[in-house]
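To start, the structure itself, in structure tokens.
The values are calculated or read from the model by the stated rules, or taken from the named source; none is laboratory data. Remember, predicted model here, so these are calculated numbers, not experimental data. Every residue, glycine among them, receives a Cβ derived from its backbone with ideal geometry; neighbour counts consider all protein chains shown.
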Amino acid sequence: MSGTPPGMPAAGGTTVAGAPVAAVAAVSSTARVVITLNPGLVNFFLVFKFTQKALGSITAISIIFTFTRIFWWITPNEKRTWSAVWAPPGFVSFRWASMSISCDIVKTASNIFLGKPTGPHVEGAGNVLQIFVFGGFTIMTARFHCLATTWEAQGDMVGRPVHWKQLSYAVIACSALITARQIDQVVVFDQMVVPSSYTITQEWVFWFFDQLPLLAIYSIFIVLHPGDYFPRDYTRLRLNRKLLLAIKGSSDESRMRNGMVISSPPPTGPDRGKSDWVQVEEADMGLYGIAK
């Protein structure tokens, strides 16, 4: 297991912003403890509210980035379509991340109406919309997993990526957890009109329903580290889609010999971390014992 932060690949680039997420989470939790012990500290309360709102979106965007790389890694070129991920193939991260950020903008815009009846309604609308965004993403990832399992059974996957299902299950589980946390956000927000309500007065509710899902997400990505699965070309902050398409096209050609499909070996041992270009070229040269 790599010693890098959750979501950081073993070699270069990033799939999930592990360090920024950890920093925001630490600040948010610290501020929460301080205002619990000293409720009158307004500045710490503002820091907590801001970081708590940002933490959900940053974590969700990290999950979205990881899913996008799974999508490009295992999907055959001809099956990389809008219907597979409910978005243009080149804009998967942009679509889902922009929708999440748009909800945050709506919630932030509610501050314009501070002291007015409109403010809580605007923030509440942003919270509810974010449930639909995270929930829709969770459904989409689960549906894509089922489609990819079908492709694998039919032998359509290029390069036959190793253990992709483990990482896909991790993304689905994390998506469901961030959705559950957002539902709690809505419940707590609605209860704020009654300061004496149980969810507001009991501190354990916050730590169990708000912080525990985040801890579970970070733990999942530590155990199922994305950098231990993705080839190096997929661990950059920005995916070079043209290069990846060329790699997959080259892989298709190099694996077809006399009507037989030949797959290169899994990226383990000394070949771990090599780019797909290197592995394809070595396969063509017969370094893996492939007879031309």
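Residues checked against (1) farther than 28 Å from L244 by Cα; (2) outside the structural domain of I222 (by TED's automatic domain parsing); (3) not charged (D, E, K, R):
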| residue | (1), (2), (3) |
| --- | --- |
| L37 | yes, no, yes |
| G40 | yes, no, yes |
| T68 | no, no, yes |
| K79 | no, no, no |
| V106 | yes, no, yes |
### Task
Kindly indicate the residue of region 200-222 that is free of Cβ contacts under 8 Å to residues at least 60 places away in the same chain and β-branched (V, I, T) and also nearest to I172 (Cα to Cα) among those meeting that condition.
I220
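Listed here are the residues, each with its yes/no results for (1) at pLDDT 90 or above; (2) among the aromatic types (F, W, Y); (3) assigned to a loop (DSSP other than H, G, I, E, B); (4) within 30 Å of P161 (Cα to Cα).
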| site | (1), (2), (3), (4) |
| --- | --- |
| A180 | yes, no, no, no |
| P195 | no, no, yes, no |
| I200 | no, no, no, no |
| A216 | yes, no, no, yes |
| S219 | yes, no, no, yes |
| D233 | no, no, no, yes |
| R238 | no, no, yes, yes |
| A246 | no, no, no, yes |
| G249 | no, no, no, yes |
